[in-house]
1. Which entries in the list 16/47; 193/218; 119/194; 16/194 go over 21 Å, if you measure between the two C-alpha atoms of each?
2. Whole-Hz ³J(HN,Hα) for each residue in the stretch 314-322, computed from phi via Karplus 6.51 cos²θ - 1.76 cosθ + 1.60 with θ = phi - 60°, x for glycine and proline: what do you get?
3. Quick one: 3J(HN,Hα) in Hz for the stretch 139-146, Karplus 6.51/-1.76/1.60 with θ = phi - 60°, rounded, Gly and Pro as x.
4. Determine ³J(HN,Hα), in whole Hz, for all residues of the stretch 282-291 in sequence, where each value follows from phi through the Karplus function 6.51 cos²θ - 1.76 cosθ + 1.60 and θ = phi - 60°; x replaces Gly and Pro.
5. Cβ under 9 Å from residue 19's Cβ, residue 19 left aside: what net charge do those residues give with Lys, Arg +1 and Asp, Glu -1?
6. Could you tally the net charge around residue 277, taking each other residue with its Cβ under 11 Å from the Cβ of residue 277, Lys/Arg +1 and Asp/Glu -1?
7. Would you please name the GluC sites (Glu not before Pro) within the stretch 84-143 that are DSSP coil residues with at most 11 other C-beta atoms within 10 Å of their C-beta?
8. Can you give me the angle between helix 255-273 and the longest principal axis of the chain, using Cα atoms only, in degrees from 0 to 90, rounded to the nearest 10?
Amino acid sequence: MTDPTCALCGNPTSTKCGACESTTYSRYYCSKDCQVKDWPDHKTECKEHQILYLEKPLKRIAEIVQQAYYDFRMNTWDTPITRVVEGDSVLILQDELLRDEEKFFVKFPGHLTESERTKKTMLCSWIYKETTAWMYNLILGLVKGLDVKLEEATVDLGTISRMVTAFTPVGDRHDNWPDYFHNVLFVSSTKPKKKWVIDMAGAQYGIYNAFWDWTDYKTYYGVKVQAAYPFGTNRDLLKERAKARGNPFMTFGVVGIVAAQLDVAIEKWVESRGMSLAQMIALDEDAYEEAKKSLLESMDSAVSSYVATNDFDAEFKAAKDYERMNPGRSGIECQAIDAVFYKGR
């Protein structure tokens, strides 16, 4: 291996460009003067390497949190479905009446389709702010040490690859597009100046990749940003919604209780492995894949075991009774909660 030399004058040196050095790339200079003179030629390449250096861990984070959400949603499935009709641009679901069920959490009807993509679409259908709310601490641990800013963004998708239509037993039809907004995670870097998107629930619109360059995402799907809030806003909102009676208490309160088991599982995993989530992201490929698999299995096992051994029948019955006695009231309560929550934000 030859000794490093200055990129401008060729003199021997060991000083690197601090902005873009990594384990796979470095540009050397013998003096500040040489570095300044070389900057016009190095500027573009420097930014490209900074972006690549950030994108590798961010891609890993995106794939982990997306799969973790799929697993969590499968374990907390609450919508009985009797039939699935698959089309290229539309997925049709036939619902049962949830209030006729005795159990809030029911088995995910994966047997209704052999398509893994369709299963992912089902898991994400009508999911909005839940992704970053329930995955909050997982995301926080994974990004620790990265110089990035996180925002929870409400977006309007102008075009999609696939939509979902659900029919109730009484004939009501519900489409998840175009009258619904979508929620994604913005990840922004100042050095280099760059923005990405992590879309955990995009499968409901035929968007299966979790990690995107913001410009590409915006262009492909005709995205208009409605609002962007600091990371953690969705978690705080759902905690407030959980105070409403009826269905919101189950959807946000009980599911939030189950989501807390993710944090317990993560703490145990970190302790047993002797490494942080951020350290896991930096592992070489083979070690990373093994650790990722172990982490996901730990979270999945913790949630499935908790759901299997805890009975929410009384809470579910109370919620159904409230909805039956006060039709539409819980929705009004949630609207009032949202109005107070977002006032001044």
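1. Working: 16/47 15 Å; 193/218 17 Å; 119/194 33 Å; 16/194 23 Å.
Over 21 Å Cα-Cα: 119/194; 16/194.
2. With coefficients 6.51, -1.76 and 1.60, one gets 5, 5, 5, 4, 5, 5, 5, 4, 5 Hz.
3. With coefficients 6.51, -1.76 and 1.60, one gets 4, 4, x, 6, 8, 4, x, 8 Hz.
4. 8, 5, 5, 4, 5, 5, 5, 4, 5, 5
5. Values: positive: 47, 191; negative: 21.
Residues near residue 19 contribute +1 overall.
6. Values: positive: 60, 144, 273, 292; negative: 267.
Every neighbour counted, the sum reads +3.
7. Working: sites: 86, 96, 101, 102, 114, 116, 130; in loops: 96, 101, 102, 114.
Taking the stretch 84-143 and a limit of 11 other Cβ atoms within 10 Å, the loop GluC sites (Glu not before Pro) found are 102, 114.
8. Roughly 40 degrees, rounded to the nearest 10.
Just so you know, all these numbers are worked out from the coordinates, no wet-lab data involved. A quick note: this is a predicted structure, and the numbers were derived from the prediction, not measured. Cβ: placed from backbone, ideal geometry, glycine included. Neighbour counts: every protein chain shown.
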